[in-house]
Each structure stands twice: as C-alpha cells, then as structure tokens.
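Undergrad: Before I ask anything, here is the structure I am working with.
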Amino acid sequence: MSTAQQVPDILSPEFAKDPYPAYRAMRDTAPLIWHEATRSYIVSRYEDVERVFKDKNNEFTTDNYNWQIEPVHGTTILQLSGREHAVRRALVAPAFRGSDLQEKFLPVIERNSRELIDAFRHTGSADLVGDYATRFPVNVIADMLGLDKADHARFHRWYTAVIAVLGNLSGDPEVTAAGERTRVEFAEYMLPIIRARRDDLGEDLLSTLCAAEVDGVRMSDEDIKAFCSLLLAAGGETTDKAIASIFANLLSHPDQLAAVRADRALIPRAFAETLRYTPPVHMIMRQSATEVRLSGGTVPPGATVTCLIGAANRDDNRYRDPDRFDILRDDLTTTTAFSAAADHLAFALGRHFCVGALLARAEVETGVNQLLDAMPDMRLADGFDPAEQGVFTRGPQSLPVRFTPVGG
C-alpha cells in the first residue's frame, strides 16, 4: 500500500496543471494509494479500473453517490442496483439509442449545431469552446426535453454548479452550498413542467419519460426531475469537454486533422482516441462491498475507491505508446468504443456504462462534420497553445480558431 506523499497529490496545483506525469508515477510505483484528504483509495492501472467498472463478482457498489451526487440531483438511477436499476434503465434507455435517437433526436442535434455555427460562420474567427461546445449539448438536451432554450444561461449555471460539487475533492463548503441551492432551484423549475407535461404529452423526451412503463412501474415526478438534472450535468459537461478536446487534439496534430477532413469516416476513430487520450471525466468513484485485492494491496469493505480514468487510459500495459494521440492506432476498437464492450474507460463499463454514449457520439459526429464544412481551413489562432484545465472533469477552457469563411 502506498501513500499520496510518494507521487504528486491529486489536489495539488502541479497535478491540476498536468496530471499525466503523476498518472505514470502512480501506475509504475503506487498503483493503490490511500488518500487521506478524500478518504479514498486511488487506483490507476487499466486492469484495476476495468475490474472495478465491470464488477463481475459484485465487489463494488455505487453507494458513494448517496453522498456524492444525491445532495445536488436527488436520488438518481446511478445509485440504484438490481431490479430497481434495471427497470429504471429500461425506462430511459430507448430514447438514447436506435430509432428514437435517429428519427426523433438526430434532427434536433443537427438543427442546434447549425444554429450555433450560423452565428459565426461568416466571421472568420470563433472560440470553439465559448461559441459552440459549451452551448451545443445543453441546447440539444433542452430541445430534447421540450424545455425553453431561452433558459440556457440557467441550465449552464446549474450544470456547472453540479459538476463543481462532483469535483469538490477538497470539500470547499461554498461549492457544496451552491450545489444544494441548485438542487432547490432546479426542482422549483422542473416539477411544475413535469406535472403539466403529464397532462399534455407531446413527442419530446420529457413526455416519453412521463409515459414510460416497464413491468407496471412508471417514473415518479421526483425520478424524472432527478434524471433530467443528471442528464443536463452529465450530458452537458462531458460532451462540451469532448468536442473541445477532439478539436484541440486534431488542431495540435495537423496531419490527423487533414486526414479527418478528407475522410469523415475517421471521425468515430478521432472521437474514440480522444476519449482514451484526453477523456472528459478523469475520475469516477465506487464503493467496495467486500475486501478486494487490487494491484498494490487490499481495499477493505465499505471504502471509497477513486478510479483514475485518465491514468488507466494511458497505461502502457494496455496501449502502445499511450502518450501519443493517434487516430489510426490498432489497439483501440472503434466499432465497440461507444458500447459497454468499449476497451477505453471514458464511459465506464458494465451495468453502469454511460446510457448517453450514443447520444454523445451523434452530437460529436454531427458537430465535427458541420464545423469542418463551415471552416475547411480551420487553424488555431496565432500563438495559441491549447491547454486542459480541471481535475475531476478536464478539457480546454478556450479554443480560438481562424478560418476563411466558405464563399468569402
């Protein structure tokens, strides 16, 4: 068993600036660390994080979400297990795959992307984060739910506060208080809308959730409110970071950007490699149900386990030359990259695999295609070097680009 003193601490400024050297040190010399400040065991190797997520032997639970996210979302599907989890997942999952996604929501995705690009396509410059990535997924989710996109600023403030709570590893009381205020504000906003929608069902996702029934079980108003809160936070923050990161990676590797520009069938490869190389979420917690032996030692029952996705996805025992961004690598399977059989860990794995993975894929593929069409000679603004920020979630805060307007 190692201690946090042997490697850069996950709460240190050094780690926040560039966690990848620390990840390497953890994998090599301290694969299991007791971290006093977060009262958790930190695991960093691919084989260990994969084992925790797949949980084939029922060694881990999501009971950590009782204290980690319930204060801001209410009780969500993430906290449930067994039949309760299976039924709730069966209620919400159809909207995020298959014909519903293709027929009902892909047009919503395409329209929202186009509307945002229309605001800057003739200007010759844009910030792909501020002008596009932070707005696009939230607008899509609001549209899918049949909410008023004029409330975008509120949605963005709410999901930013929620994500801040999830990443509040140091226990800042002001961050916690802002998250708790958000839960109250979001409930006051959503519950009247849910009640009204039950009486006047439409074609939107909120209506689908109100009407959905599996084995005689329907979602309560509180269930639906909590799911919508989770969807805004998880779907907003992660897709925002994913879009920003895929462009940061491609713009920093002009040969690979040129390849994607020439062959759009490479977009899923570029997205999968981005999820491996610079995942939007760098850590996910679980709780041990029993004593578990992992690399470097033993985790006792009832302990919080912090799984470092950002470290595991760069494990050289799993990937060749893992610190190199390479959309053509042959040790990452693109065909399964957006399913529970993925061999990167950015969406987790197993029964708690991200229900919105295919929605994220549809948003990213649409966004990349439309942005490349609008800005065929897109390049970074002179002198700008993309830099990630964040610890729990991570991505560029700004990505200014220049381009020749099409037809201009």
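The values are calculated or read from the model by the stated rules, or taken from the named source; none is laboratory data. It should be emphasised that the depicted structure is a prediction, and the values quoted were computed from it without experimental measurement. With ideal geometry, Cβ positions are generated from the backbone for all residues, glycine too; neighbour counts draw on all protein chains shown. Surface areas here come from the heavy atoms of the whole protein model, side chains and all, with no ligands, DNA or RNA. Shrake-Rupley method; radii C 1.70, N 1.55, O 1.52, S 1.80 Å.
Undergrad: So what does log10 I(q)/I(0) come out to for region 115-218 at q = 0.14, 0.21, 0.22 Å⁻¹, using the Debye formula with one equal point on every Cα and no solvent?
TA: One equal scatterer on each Cα of region 115-218 leads to -0.74, -1.11, -1.14.
Undergrad: So, one more: Taking the Cα centre of the chain as the origin, how large is its charge dipole in debye, to the nearest 20, when only Lys and Arg (+1) and Asp and Glu (-1) carry charge on their Cβ atoms?
TA: Values: 44 positive and 58 negative charges, 82 e Å.
That gives the chain a dipole magnitude of about 400 debye.
Undergrad: With Cβ to Cβ distances under 12 Å as the rule, what net charge do the other residues near V299 carry (K, R +1; D, E -1)? Don't skip to the answer; put the middle values down first.
TA: Working: positive: R51, R286, R293; negative: D48, E59, E291.
Charge balance near V299 sits at 0.
Undergrad: For region 304-408, what size does the Cα cloud have along each of its three principal axes, sorted from largest down, in whole Å?
TA: Rounded to whole Å, the extents work out to 53, 29, 28 Å.
Undergrad: Please work out the C-alpha center-to-center distance from region 212-227 to region 322-397 and express it in whole Å.
TA: 31 Å
Undergrad: Report which label in (1) 104, 45, 40; (2) 80, 52, 33; (3) 61, 54, 40 holds the value of Cα extents along the principal axes in Å derived from the coordinates of this structure.
TA: Given (1) 104, 45, 40; (2) 80, 52, 33; (3) 61, 54, 40, the structure-derived one carries the label (3).
Undergrad: Give me the aspartates and glutamates in straight-line cross-link reach of K56: C-alpha distance below 15 Å, same-chain residues under 8 apart excluded.
TA: E47, D48, E291
Undergrad: Another question about this same structure. Which order, highest average first, do 138-151, 327-340 follow once you tally other Cβ atoms within 10 Å for each residue and take the mean per peptide? Walk me through the numbers before you get to the answer.
TA: Details: 138-151: 19.3, 327-340: 16.0.
Result, highest mean first: 138-151, 327-340.
Undergrad: Still on this structure, please answer the following. Using r as the Cβ-Cβ distance of K56 and E291, and R0 as 22 Å, what FRET efficiency do you calculate, to the nearest 0.05?
TA: Working: r = 16 Å, r/R0 = 0.75.
Here the calculated transfer efficiency is 0.85.
Undergrad: Shifting gears a bit: How much net charge surrounds T238 when only other residues with a Cβ under 11 Å from its Cβ are counted (Lys, Arg +1; Asp, Glu -1)?
TA: Values: positive: K241, R394; negative: E237, D240, E363.
Every neighbour counted, the sum reads -1.
Undergrad: Still on this structure, please answer the following. Tally up the carbon and sulfur contribution to the accessible surface of the chain as a whole percent, 1.4 Å probe, everything protein left in place.
TA: Reported share for carbon and sulfur atoms: 50 percent.
Undergrad: Rounding to the nearest 20 debye, state how big the charge dipole of region 252-408 is about its Cα centre with +1 on each Lys and Arg Cβ and -1 on each Asp and Glu Cβ.
TA: Values: 16 positive and 19 negative charges, 85 e Å.
Magnitude of the dipole: close to 400 debye.
Undergrad: Could I ask something else about it? Skip the ligands, DNA and RNA, and give the accessible area per residue of region 277-408 with a 1.4 Å probe, whole Å². Walk me through the numbers before you get to the answer.
TA: Values: 4880 Å² over 132 residues.
Heavy-atom SASA per residue in region 277-408 reads 37 Å².
Undergrad: Between L128, L294, L232, find the one with the highest GNM mean-square fluctuation for the chain; connect C-alpha pairs within less than 10 Å.
TA: L294
Undergrad: Hey, another quick one. Taking all pairs of different Cα atoms in region 165-274, averaging 1/r and flipping that mean, what Kirkwood radius in angstroms comes out? Show your work: numbers first, answer last.
TA: Working: mean 1/r = 0.0575 Å⁻¹.
Every distinct Cα pair counted, the radius reaches 17.4 Å.
Undergrad: Give me the net charge for the shell around A178: Cβ to Cβ below 11 angstrom, other residues only, Lys and Arg +1, Asp and Glu -1.
TA: Computed value for this residue: -1.
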